[in-house]
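A.B. asks: My questions all concern the structure below.
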Amino acid sequence: MRLLDTVERSVPAAAIFLLLCAAGAGLAWWGRSALADARSHFRAAMQNQQGSAAELRQLQAGLPHIKQDIADYDVAAQKGGWAAEDRRRFSEDLTQLAQALRLQKLEYSVAPQEAYAANGSAGHWMRSPLEVQLGLQHEGQLLSFAEAFPTLPGGLPVLHSCRIARPQNGDGKGNLLAECKGSLYSAAAPDRTAP
């Protein structure tokens, strides 16, 4: 009987031992999993901090450029150069250019301003799409117009494309009709609250 008593006593002890080992293994697995999660969260937080620090350095590096842009804007505005859009001045000078080139016809339209971002960087720049129709005696007038067009004040006018055709209705407004599309770029007043 003594052997049976020993076996009866050792079975519960072995079961308790196995149960404790299983619980210890479960705790070890949970601890390892929690440690891996904590490491993952720590790495993500470090990357966010490094990204924020890099973004801050980038913004600080751009600050002198912002201050220079404001100074350039002020100088351009004082000289009448590329600053805020001045459609009246642009219109007057466009008409004078057409007269100087002896164009037979000048019609144009300038659409409302819209925000413009160059190379994905938003700034204080605006864009007004425009269309111009010219009555020409010869193709050379279009070349002269395209050369003089970007120098007009009131913004920065840019021609994107032009096409020449013979007028369909024979209205006597030139031998050729040129239709051009472009943009009038301008600078909006900078935010003077920037540091």
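A.B. asks: Out of everything in region 155-164 that is modelled with pLDDT of 90 or more and not basic (K, R), what residue ends up being least open to solvent (accessible area, probe 1.4 Å)?
C.D. replies: L159
A.B. asks: For region 133-162, enumerate the residues that are touching a residue at least 40 places away in the same chain (Cβ under 8 Å), small (G, A, S) and over 22 Å from D86 (Cβ atoms).
C.D. replies: G135, S144
A.B. asks: Now for a separate question. Exactly one of these conditions fails for G81: (1) open to solvent by less than 40 Å² (accessible area, probe 1.4 Å); (2) at pLDDT 75 or above. Give me its number.
C.D. replies: In the conditions (1) open to solvent by less than 40 Å² (accessible area, probe 1.4 Å); (2) at pLDDT 75 or above, G81 misses (2) alone.
A.B. asks: Mind counting the residues in region 86-116 that are open to solvent by 50 Å² or more (accessible area, probe 1.4 Å), among the charged types (D, E, K, R) and touching a residue at least 60 places away in the same chain (Cβ under 8 Å)?
C.D. replies: 4
A.B. asks: Evaluate the following for T151: is it closer than 15 Å to L101 by Cβ, modelled with pLDDT under 85 and surrounded by fewer than 11 Cβ atoms within 10 Å (Cβ to Cβ)?
C.D. replies: Yes: the conditions hold for T151.
The values are calculated or read from the model by the stated rules, or taken from the named source; none is laboratory data. Please read all numbers here as calculations on a predicted model, not as lab measurements. For neighbour counting, all protein chains shown are included, and Cβ atoms are generated from backbone atoms with ideal geometry for every residue, glycine included. Each accessible area value is taken on the protein alone, full model and side chains, heavy atoms only, with ligands, DNA and RNA left out. Shrake-Rupley method; radii C 1.70, N 1.55, O 1.52, S 1.80 Å.
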